[in-house]
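Here's the structure, in structure tokens; my notes come after.
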């Protein structure tokens, strides 16, 4: 038996095992992209929010594309409307606010996390806060806690955000996963 053949089989087995482990990580990164982790952690910590929840919300809103613009004119990673952005800027004392700033990841995450914290404090729970983030606080107040009244799209949005929190928890607890896999999408 050739000396090279002795090492070839275990090496091929090891490569196959690595491939079996690596491909699912690539698929996970495709389905659950993440960028701007340091900013998400920084502003989540500042606002006493779970960074996994914030990342999950960003995924649902923009899939981590900082230049995202919705049909309703919401901008950036966390899809803050210029009107809401101006209101938040007034609340936090940001005097030189312009809607173009919402396309800057740092500003967008700062304002979006402030608004999410505000909604959680206002409604007392994460689910109605996410409903309000999606459909507006007036809609949530109009529903008065009746699950049947919630817009189907809003209910699906809340389920989507909450269902992906666990993936982002893994990313934040095991950051080497994002370091060894490229961000796709």
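Please verify whether segment 15-25 includes one or more residues that are modelled with pLDDT under 75, closer than 25 Å to residue 159 by Cα and assigned to a helix (DSSP H, G or I).
yes
Filter segment 31-79 down to residues that are closer than 19 Å to residue 99 by Cβ and either modelled with pLDDT under 95 or not in a helix (DSSP H, G or I) (or both), then give me how many there are.
Number satisfying all stated conditions: 15.
I'd like to know if segment 159-167 contains one or more residues that are at pLDDT below 95, under 20 Å from residue 43 (Cβ atoms) and part of a helix (DSSP H, G or I).
yes
Could you list, in sequence order, the residues of segment 131-158 that are part of a loop (DSSP other than H, G, I, E, B) and surrounded by 16 or more Cβ atoms within 10 Å (Cβ to Cβ)?
Result: 150, single match.
Do we have residue 28 as assigned to a helix (DSSP H, G or I), touching a helix residue (DSSP H, G or I) at 6+ places or on another chain (Cβ under 9 Å) and either modelled with pLDDT under 95 or over 21 Å from residue 74 (Cα atoms) (or both) here?
In short, yes.
Which of (1) in contact (Cβ under 8 Å) with a residue 40 or more places away in the chain; (2) in contact with a strand residue (DSSP E or B) (Cβ under 9 Å, 6 or more places away or on another chain) does residue 111 not meet, given it meets every other one?
(1)
The values are calculated or read from the model by the stated rules, or taken from the named source; none is laboratory data. Being a predicted model, the structure only gives us computed values, none of them experimental. Note: ideal-geometry Cβ built from the backbone for every residue, glycine included; neighbour counts use all protein chains shown.
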